[in-house]
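Quick note: the coordinates plus some simple rules give every number you see, no bench work behind them. These figures come from a predicted structure and were not determined experimentally. Ideal geometry is used to build each Cβ from the backbone, glycine not excepted, and the neighbour counts take in all protein chains shown.
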Amino acid sequence: MRERGETSRHAITRRGVLVGMLAASTGAWAGGVEQAVPNSTGSAPPRLNASADACDCHHHIYDGRFPVSPHWHQGFPSGATVADYRNLQRRLGTTRSVVVQPSTYGVDNRCLVDALGQLGSSSRGVAVVDTDVDEAELRALADAGVCAIRVNFVSPQSWGTTTPEMLAALARRISPLGWQ
């Protein structure tokens with residue numbers, strides 16, 4: 001038998017309800033409440049506060065609405081949508097980001113462009129293109145917030161293996177846009 005004022009381990013308390021509401025809110029990490037985020041190690045808020053306008057300089061977005069490139073056979077991670085990334089941003093305290101086109105989508109940058117549209121002006125993109133990309137696509141990517149291209153010398157892409165000659169040709173194509 002419990003004494004007056006004593007609660008069981010499983011009793012619903014006012015404090016428990018308030019803590020649960022705080023954890024469910026978008027500011028859960030600001031309140032010091034631990035919460036897991038997909039594809040992220042740990043659940044505690046960072047020990048160091050991010051500076052104002054802190055930028056995550058390389059992350060990927062994966063969204064099942066967009067088809068995986070036929071060359072890609074290594075799976076598709078779950079929990080990596082823009083909504084999931086927003087949770088990670090809240091946890092870390094970052095406000096800006098650079099979204100990098102994953103090899104998963106090859107040269108189809110639709111997921112990247114969609115992510116940039118959702119993330120807004122606080123994010124920039126790094127696209128993957130091949131040497132025959134037309135000027136209209138480069139301009140559309142620039143308008144969406146892309147400011148660089150990604151090349152991969154390690155794993156073959158949808159067009160094959162990247163060569164130094166390919167990199168030089170692409171550098172000439174993107175130079176007028178001021179891209180990296």
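Annotations
- Relative to one another, the C-alpha centroids of segment 60-91 and segment 159-180 are positioned 26 Å apart.
- Percent of C-alpha pairs per 10 Å bin, segment 116-179, short to long: 20, 51, 26, 3
- Whether segment 70-180 is rounded, prolate or oblate, judged on the alpha carbon gyration tensor where a/c under 1.5 counts as rounded: oblate
- When peptides 163-171, 139-147 are ranked by their average number of other Cβ atoms within 10 Å per residue, the highest-first order is 139-147, 163-171.
- Cα Rg, Dmax (largest Cα-Cα span) when computed across segment 55-125, Å: 11.9, 36
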